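Reading through the structure tokens given below for one structure.
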Amino acid sequence: MPDSILTPQPMANDADYFGFCRMVRSRTGLDLEAYKRQQMERRVRAMADRHGIGTLMEYWQHLSRNPEDLRIFMDKVTINVSEFFRNPEKFEELRTLVFPELLRKHSRLLIWSAGCSYGAEPYTLRILLHQVNPGIRHRIFASDIDTGVLERARQGRFLPDDLRNISDILRERYFIATANGYEVKAFLRDGIDFQRHDLLRDPFPHNVDLILCRNVVIYFNEETKQRLYERYYAALRPGGYLLVGSTERISNAREIGFVSTRPFFYHKPA
Ligand SMILES: C[S@@+](CC[C@H](N)C(=O)[O-])C[C@H]1O[C@@H](n2cnc3c(N)ncnc32)[C@H](O)[C@@H]1O
């Protein structure tokens, strides 16, 4: 039997993988080593394979000579899947429990959608706040490392599938139908500040009332996650909340100072 059937395709060796990571970091600032190695290496290797390139260092040579391919690599390496009202029950808890509690203490909230992808999450927050508190212009800081998705987010254009959790009534009230899908109504864009921000390198805002960081850290290694959660704790105002994704859990929440009030919500005591 030929060897290749018995032996799985070898992963790139350490020198090849870490050499590639160092090159990407020095040229683009993206720290691939902070992501889970197995997943990241598989993803990068699949992209190299598509160009028929065998080693990651050769792939780097290709990327460094082809700026357009480097841009596509940067777009694809971090996964951007999202949708409006992702895990709808969490947004219902935000609307009925968390926002009323926060609004009893502060009339104008600062909310951070960290890793906002192409904008479905921050626009969902904007819709909720408009329902709960239509007269007030709360601030939403919506950040992502990927400039391509941020550009899409600023335009506020979505495919029908992104809106699958949205009722007809909300669709009528907050969206305009276009040839390919839907566009958010102009007033929803007000108050959302879309900015490129790398969670692993850039300074964090202060006095945030609510942080949503969902389906972002799943790609980070354990050490990176812990450091990030500590920084979120510091960024929150006392009394504030962090909402994580519905497959995520902060293992040392108590040591950091968080109180876990209901699943996936972490509270910074006042
Ligand atoms: C799966 S999307 C999550 C979108 C949204 N939070 C949700 O749950 O629907 C993950 C996002 O994290 C972003 N991301 C990955 N690494 C990042 C980093 N180091 N800093 C900021 N954003 C990052 C990706 O670009 C991607 O848009």
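The values are calculated or read from the model by the stated rules, or taken from the named source; none is laboratory data. All of these numbers come straight from a predicted model, not from anything done at the bench. Virtual Cβ from ideal backbone geometry, glycine too; neighbours counted across all protein chains shown.
Quick notes on this structure:
- Of all residues in region 219-259, those being at pLDDT below 95, surrounded by 14 or more Cβ atoms within 10 Å (Cβ to Cβ) and over 17 Å from the mean Cα position of the chain (by Cα) number 0.
- Entry remark, region 87-99: residues being crowded, with 17+ Cβ neighbours inside 10 Å and either more than 11 Å from the ligand (Cβ to nearest atom) or modelled with pLDDT of 95 or more (or both) number 6 in total.
- Only listed residue being in contact with a helix residue (DSSP H, G or I) (Cβ under 7 Å, 6 or more places away or on another chain) and in contact (Cβ under 8 Å) with a residue 60 or more places away in the chain, chosen from Phe73, Phe91, Phe84, Phe20: Phe84
- Looking at Val81, Val77, just one residue is under 18 Å from Arg196 (Cβ atoms) and within 11 Å of the ligand (Cβ to nearest atom), and that residue is Val77.
- Matching residues, region 199-217, being surrounded by 14 or more Cβ atoms within 10 Å (Cβ to Cβ) and near the ligand (Cβ under 8 Å from one of its atoms): Leu199, Leu200, Leu212, Cys213, Arg214, Asn215, Val216
- Hits in region 185-198 (condition: within 16 Å of the ligand (Cβ to nearest atom) and either surrounded by fewer than 18 Cβ atoms within 10 Å (Cβ to Cβ) or of a type in the set (Val, Ile, Thr) (or both)): Ile192, Asp193, Gln195, Arg196, Asp198
- Of all residues in region 246-259, those being in contact (Cβ under 8 Å) with a residue 40 or more places away in the chain and touching a strand residue (DSSP E or B) at 6+ places or on another chain (Cβ under 8 Å) number 0.
- Residues that are out of contact with any Phe, Trp or Tyr (no Cβ under 8 Å at 6 or more places or on another chain) and crowded, with 24+ Cβ neighbours inside 10 Å, drawn from region 100-113: none
- Output for region 155-184, where each listed residue is at pLDDT 95 or above, among the charged types (D, E, K, R) and loosely packed, with under 15 Cβ neighbours inside 10 Å: Asp168, Glu172, Arg173
- The set of residues in region 111-134 that are touching a Gly at 6+ places or on another chain (Cβ under 9 Å), not hydrophobic (A, V, I, L, M, F, W, C) and not in a loop (DSSP other than H, G, I, E, B) comprises Ser113, Glu121, Tyr123, Arg126.
- Residue list for region 130-145, filter: in contact (Cβ under 8 Å) with a residue 40 or more places away in the chain and more than 16 Å from the ligand (Cβ to nearest atom): His130, Arg137, His138, Arg139
- Helices (runs of 4 or more DSSP H) fully within region 24-110 counting 2 or more residues that are within 20 Å of the chain's Cα centre (by Cα): 37-50, 67-77, 88-93
- Hey, Arg196 among the basic types (Lys, Arg), without any contact (Cβ under 8 Å) to a residue 24 or more places away in the chain and under 30 Å from Gln38 (Cα atoms) or not: no
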